[in-house]
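Inspection log for the structure reproduced underneath, given as structure tokens.
Every number in this text was worked out from the coordinates using simple rules, so none of it is lab data. Small disclaimer: the values here were computed from a predicted structure and weren't measured. Using ideal geometry, Cβ is built from the backbone for each residue, glycine included, and neighbour counts are taken over all protein chains shown.
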Amino acid sequence: MKIPVIKKLAEDHDIPTLEKAEEAILNEEQPAIEVLGDDEGEQLTHVLAAIEIRRSMEGGKTANEAVRAYSQRVRKSIS
């Protein structure tokens with residue numbers, strides 16, 4: 001999981017576009033947008049995180065606030 005990749009996806013694309021990329025990856029197809037990652041699993045992780053962050057942004061948080069909240073939640077879940 002690479003936070004800069006996730007943040008860029010969330011800032012550059014709307015939720016429907018990100019959801020289409022998610023669907024493409026799940027169907028083992030090439031997404032219409034560029035999704036960086038070492039493999040399909042990491043690409044899917046990036047897209048799912050970007051969707052969650054984008055929802056937070058649409059709920060009123062700045063990109064930095066949304067990324068920070070997501071990162072903290074992930075850290076708590078693995079500690």
Explain nothing, just compute: Karplus ³J(HN,Hα) = 6.51 cos²θ - 1.76 cosθ + 1.60, θ = phi - 60°, for every residue of region 34-42 in order, whole Hz, x for Gly and Pro.
6, 10, 6, x, 5, 7, 5, x, 5
Residue by residue through region 44-57, what is 3J(HN,Hα) from phi via Karplus (6.51 cos²θ - 1.76 cosθ + 1.60, θ = phi - 60°)? Round to whole Hz and write x for glycine and proline.
5, 4, 4, 5, 4, 5, 5, 4, 4, 5, 4, 4, 5, 5
HN-Hα couplings for region 6-15 via Karplus (6.51, -1.76, 1.60; θ = phi - 60°), in whole Hz with x for Gly/Pro, come out as 4, 4, 5, 4, 5, 6, 8, 10, 7, 4
Quick calc, region 3-78, dipole around Cα centre from Cβ unit charges on Lys, Arg (+) and Asp, Glu (-), nearest 20 debye, gives 700 debye
Read through the labelled values [x] 11.9; [y] 14.5; [z] 12.5 and report the label of the one computed as Kirkwood radius over Cα pairs in Å from the structure.
[z]
